[in-house]
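Visitor: Shown below is the structure under consideration.
Every read-out reported here was derived from the displayed coordinates using simple, explicitly stated rules and does not represent laboratory data. The structure displayed is predicted, hence computed values, not measured ones. All Cβ positions, glycine included, derive from the backbone under ideal geometry; neighbour counts span all protein chains shown.
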Amino acid sequence: MPLSTFNSDEAERTVPISVTGQPSGMQISAKAGIIWLLTGLGVIFLGLELSSPVILAHLSNTERRITGEMRQAQALQPTTQDGRPTVLLLGNSLLLEGVQLEDLQNDLASQYAVSRLGIEQTHYLDWYFGIRRLLAEGSHPNLIVLSLATDQLASPLSLGESFAHRQMLARDLPLVVHESNLDRTVESSYFFAHWSDWLGDKGFIRQCVMILLVPHFRQLAGRIADHDPRVDDPSVLLSQARRRLPELRELAQKYQVHVVLLVPPTLHEDHSMEIQELGNELDVPVWVLSPPGEFPRQLFRDGFHLNAQGSQIFTARLAQKIRDRLSDQMVRRNTCPTLMEVGSCAE
Amino acid sequence: MLFDTPVYIVFLILVVTAYWCLGFRNQNRFLLAASYLFYGWWDWRFLCLMIASTVIDYFIAIKISDTEDPRVKRTLLVLSLAINFSILGFFKYFNFFAGSLASALGTVGIPASLPFLKIILPPGISFYTFQEVAYIVDVYKEKLPASRSFLDYALFISLFPHLIAGPIQRPSHLLPQVQRPRHWDSEQAFAGLLLILEGMFRKVVIADNCALLANAAFGGAFGKPSLPVVLLSTYAFAWQIYGDFSGYSDIARGSAQLLGFHFMVNFRQPYLAESIQDFWRRWHISLSTWLRDYLYIPLGGSRNGEAKTYRNLMLTMLLGGLWHGANWTFVVWGGLHGGGLAAERKLGIEKTASVSSFRKRMRRIFIFHVVCLGWIFFRAQSLSAAWAMLKGVAVWSWRPEFPAAFLFLAIFSVPLILLDIYLESNGGEYGFALAPVPRRVAYGLACAVVIAFLGANQANAFIYFQF
């Protein structure tokens, strides 16, 4: 019979026999095998749990950078010991490649202490919850500059388990589930990842191993990474911005810090000007330092990220904008403070 | 709950621990509750549907068993089949048939606007429906007495390891196991743990990594289809779907063994098949035997002459294709396999032990590529996308990422090829199954280490969950 299989005989067997057909004399050793196997798995898991931050720090420069920047961000207070207000830049690769940190720090050294926390492939939700965690755990910079492209502001994505581990507060999990529309399976994975170093780091560890195994893996990774659909429908973009900008404002008010949204330069229309207007309406500063299309293609490395020349121009504009903000603040201090200025007025 | 997530591991540990502390009847009650929790984890509404379907078949089976009148028996059988296939058809095929009918009417000049519904497919509906149908048919044919205990019957349908994507269990195999006490068997439990570890390896290391390549290549990330893109996408998908489904089946079987149940083997090195017929003896065995026993044979099998045998073969495979999903691509996939089976029968090609080792290898390579041809249709979003992919075979283009991509594919497919060759040679159900205990422990731990370092980052749903 064409569809017959030799396994059908096995299917009809009603009495489960020893799976490998081994004699019952193996019972004792199988029991020992179970104990050894479970003990071994426990040791492996514990070993991974304890060593994964070390492994990752050893394998990855990026991880070392993020860990250092995270530590610095967590310790920030409104002013440094010498009285300079602190600025924390948050964002993804658009920030990392678009702003030359050292130049910016040097440029503003006399007035501001600038720090950065950049994590690649992050979107709005990573940072909204990331800021909540930073602030809840005692970080208190004077100014937070969140750098996101407009489609990233509207995106429903987050960095997954790594986000749950590094940027999410345990008590925020129900809110994350609601905001990201997660099912229970992902919710439970986030729960475990929040508490486990290994679950939070395993994606990065795998990436490092693949870089060691496959020459030019980074080039390939760019192709095979999940490229989720960009949010480019202006109505979705603006309605999401209308919902999310007030979330940032409320966060700023709750912790008495200043939060501004910085939109990096783009080649194409990204509706940043409409979002800036929306920011004005909602009392959330949105900085668009170059209108869409102003920066020519020659200033971009790949159509999205700025090259060295582009980032030099953008960094200078950002420095100027931060400086302008300081003088604005000085003027406002002498007048009636807005809600967002209360914190700094109290200093 | 996905098998490859931490929550499932915690769930399994808790269930197995509590289960073996209970007496037989309480074990069944507890397992039923655990299975419903497992299923309802996605959406409790789907659980209601499954329970309703279980209740209906439970009573119909008892009625069939109790009645003497063959006409009443037959009516009840038809009623049950109609209910089961209506539920399946509504959730799975409503939009497909409505769309196909509308476009068919449109082509003959009758514009029709048929309603399209936003229907979410309940997980595992195809699997538990087939299991219920098998039960009703077996009771009707008096191969099996109807279960008088709702608890036992409901547990047979919903036992969590097989609930979402099989293996589709035969009532005569599983129901008696549910109905009588089970005893702890260390050898079976040890093998179960190793099956789970190997299944995890197949799923999160092989399948999920190959999925990255297959998704990118089918999604156009490597440009328009050309020979390298077609090879990359097809091979990657071939290893993805095999790793995914065989991994799922291994975890299901391993989990069942920890609870004292035995499930049928679902895969036996399918890419080492020497004919299409041989492939179906090795691939998704629980479905192929189901189709044989509940569709091909009732249609007449090979009993009514050659022409009807070919018709039955084609019908079985076309419906088997459609079972996978509401898309013409699955019908074409089924048709390709049906055509292949019919051609082999016509030409008298059968697996023979006498062919030389070289010819055997050549046959295997040939059949693997025929199967890959089918996978193009299986994976493509539409017939036109599949056709575009096929046309790419005649186009040559090269990209700098291809060497890395093919190396990546080799890293995640060669281990499974080697494992299959090894299993084929010694007949084991998993790596080192016949080796002494220490070597099996070492194998299990090696799988765990590889999973830890090379497992794909995020849990991906098993492909067969959507069927």
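Visitor: Taking amide H positions as placed in the peptide plane 1.01 Å from N, state which residues far from A:L262 in sequence (5 or more) or on other chains have amide H under 5 Å from it.
Guide: A:L146, A:S147, A:L148, A:W287
Visitor: Another one. If you rank B:L434, B:L213, B:L232 by fewest surrounding Cβ atoms within 10 Å, what's the result?
Guide: B:L434, B:L232, B:L213
Visitor: Test of the criteria: in region A:165-255, which GluC sites (Glu not before Pro) are in a DSSP loop and have at most 14 other Cβ atoms within 10 angstrom of their Cβ?
Guide: Taking region A:165-255 and a limit of 14 other Cβ atoms within 10 Å, no loop GluC sites (Glu not before Pro) are found.
Visitor: Collect residues whose amide H, placed 1.01 Å from N in the peptide plane, falls under 5 Å from the amide H of B:L22; neighbours closer than 5 in sequence don't count.
Guide: none
Visitor: If you take the alpha carbon radius of gyration of region B:21-183 and divide it by 2.2 N^0.38 Å, what ratio comes out, to two decimals?
Guide: That works out to 1.21 for region B:21-183.
Visitor: Let me ask something else. Could you tell me whether region B:257-405 comes out rounded, prolate or oblate from its Cα gyration tensor? Rule is a ≥ b ≥ c as square roots of the eigenvalues, rounded for a/c under 1.5, then prolate if a/b exceeds b/c, otherwise oblate.
Guide: Verdict is rounded for region B:257-405.
Visitor: Can you give the relative contact order of chain B as a percent, counting alpha carbon pairs under 8 Å and 6+ residues apart?
Guide: Worked out over chain B, it gives 19 percent.
Visitor: Next up: Could you run the Karplus curve 6.51 cos²θ - 1.76 cosθ + 1.60 with θ = phi - 60° over region A:41-54 and give me ³J(HN,Hα) per residue in whole Hz, x for Gly and Pro?
Guide: 3J(HN,Hα) across region A:41-54, in whole Hz: 5, x, 5, 4, 5, 5, x, 5, 4, 6, 9, 4, x, 5.
Visitor: As an exercise, take the mean of 1/r over every pair of distinct alpha carbons in region A:172-260, invert it, and state the Kirkwood radius in angstroms.
Guide: Its Kirkwood hydrodynamic radius stands at 16.8 Å.
Visitor: On the principal axes of its Cα set, how long, how wide and how thick is region A:113-229? Give whole Å, largest value first.
Guide: Taking max minus min along each principal axis of the Cα atoms, region A:113-229 gives 43, 39, 29 Å.
Visitor: Can you give me the relative contact order of region B:21-183 as a percent, contacts being Cα pairs under 8 Å and 6 or more apart?
Guide: Once divided by the residue count of region B:21-183, the mean separation gives 33 percent.
Visitor: How big is the dipole moment of region B:60-114 about its Cα centre under a simple scheme where the beta carbon of each Lys and Arg is +1, that of each Asp and Glu is -1, and everything else is neutral? Debye, nearest 20, please.
Guide: Around 60 debye, computed over region B:60-114.
Visitor: Would you mind giving the mean number of other chain beta-carbons within 10 Å of the Cβ of each residue in B:401-409, as a whole number?
Guide: Partner Cβ neighbours, averaged per residue: 5.
Visitor: Counting only complete DSSP H runs, which helices of chain B cover 30 Å or more along their long axis at the Cα atoms and score a mean Kyte-Doolittle of -0.5 or above?
Guide: Membrane-span-like by this rule: B:44-66, B:70-107, B:227-258, B:357-379, B:402-426.
Visitor: Can you give me the long-range amide H partners of B:S149? Hydrogens built in the peptide plane at 1.01 Å from N, cutoff under 5 Å, separation of 5 or more residues or another chain.
Guide: none
Visitor: Now for a separate question. Under the Karplus relation 6.51 cos²θ - 1.76 cosθ + 1.60, θ = phi - 60°, what is the ordered set of whole-Hz ³J(HN,Hα) values for region A:197-207, x standing for Gly and Pro?
Guide: After applying 6.51 cos²θ - 1.76 cosθ + 1.60, I find 4, 5, 4, x, 9, 4, x, 6, 5, 4, 4 Hz.
Visitor: Can you put B:C48, B:C447, B:C210, B:C372 in order, fewest other beta carbons within 10 Å first?
Guide: By the 10 Å Cβ count, ascending: B:C48, B:C372, B:C447, B:C210.
Visitor: When the Cα centres of region A:26-97 and region A:250-270 are compared, how far apart do they sit, in Å?
Guide: About 28 Å separates the Cα centre of region A:26-97 from the one of region A:250-270.
Visitor: Separate question: When A:Y255, B:Y58 are ordered from fewest to most other Cβ atoms inside 10 Å of their Cβ, what list results?
Guide: Sorted ascending by nearby Cβ count, the order is A:Y255, B:Y58.
Visitor: Another question, if that's okay. As I understand it, the dipole of the protein assembly as shown uses +1 on the Cβ of Lys and Arg and -1 on the Cβ of Asp and Glu, about the Cα centre. Which of A:S272, B:Y430, B:P298 lies farthest toward its positive end?
Guide: B:P298
Visitor: Compute, for region B:21-183, the length of the dipole vector about the Cα centre, with Cβ point charges of +1 (Lys, Arg) and -1 (Asp, Glu) only. Units Debye, rounded to 20.
Guide: 200
Visitor: Let me understand the protein assembly as shown better: what is its radius of gyration from the alpha carbons, and its Dmax, in angstrom?
Guide: Using the Cα atoms of the protein assembly as shown, the pair Rg, Dmax is 30.1, 100 Å.
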